[in-house]
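Colleague: Here's a structure for you.
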């Protein structure tokens, strides 16, 4: 499933939230940008202009990791926001960028991401 990524209510890209840490209520995935050439420049400028903490910044490598960006949202195809305790970005221009939503509450996590919960549970069933 594709999710829209919005910043200040403007769509900046999509993600499939293809990875997860189900017990922790964390979903994350690669960002496919809409009309953004440099994710590094875009997020660095946004963070500096909006007082968002930059946890890691390596300009030579064009790598950035942000703290939670309050006006960053991930919306499913029904228009429902995937809410968590925090949402941040990390990545580098020469590789890719990921969006991470931490602290998604249950039972919402299980309803929105049953495949991630199943994958997690299946790893224990295989050992028995």
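Nothing in this text is a laboratory measurement; each read-out follows from the coordinates by a stated rule. Worth saying up front: this structure is predicted, and the values here are computed from it rather than measured. Using ideal geometry, Cβ is built from the backbone for each residue, glycine included, and neighbour counts are taken over all protein chains shown.
Colleague: From Cα pairs below 8 angstrom and at least 6 apart in sequence, can you work out the relative contact order of region 5-128, rounded to a whole percent?
Modeller: 26 percent
Colleague: Also: Mind pulling the angle between the C-alpha long axis of helix 114-125 and the longest principal axis of the chain? Nearest 10 degrees, somewhere in 0 to 90.
Modeller: With both axes taken from Cα atoms, the answer is about 50 degrees.
Colleague: In addition: Helix 39-50 sits at what angle to the longest principal axis of the chain, using alpha carbons and giving 0 to 90 degrees rounded to 10?
Modeller: 80 degrees
Colleague: Then there's this: Measuring from centroid to centroid over Cα atoms, what is the spacing of region 83-110 and region 30-73 in Å?
Modeller: 13 Å
Colleague: For region 60-99, state what percent of all Cα-Cα pairs lands in each successive 5 Å bin, counting from 0 Å until the bin that includes the largest distance.
Modeller: 6, 20, 25, 19, 16, 10, 3, 1
Colleague: Between residue 54 and residue 6, with labels modelled 7 Å along Cα→Cβ, what's the label distance in nm to one decimal, could you check?
Modeller: Once both label points are built, they end up 2.7 nm from each other.
Colleague: Now a separate question. Anyone know which of 69, 101, 80 comes out most mobile in the 10 Å Cα GNM of the chain?
Modeller: So, out of 69, 101, 80, the one fluctuating most is 80.
Colleague: Shifting gears a bit: Given [x] 26; [y] 45; [z] 31, which label gives percent of Cα pairs over 25 Å apart as computed from the coordinates?
Modeller: Only one option fits the structure, namely [x].
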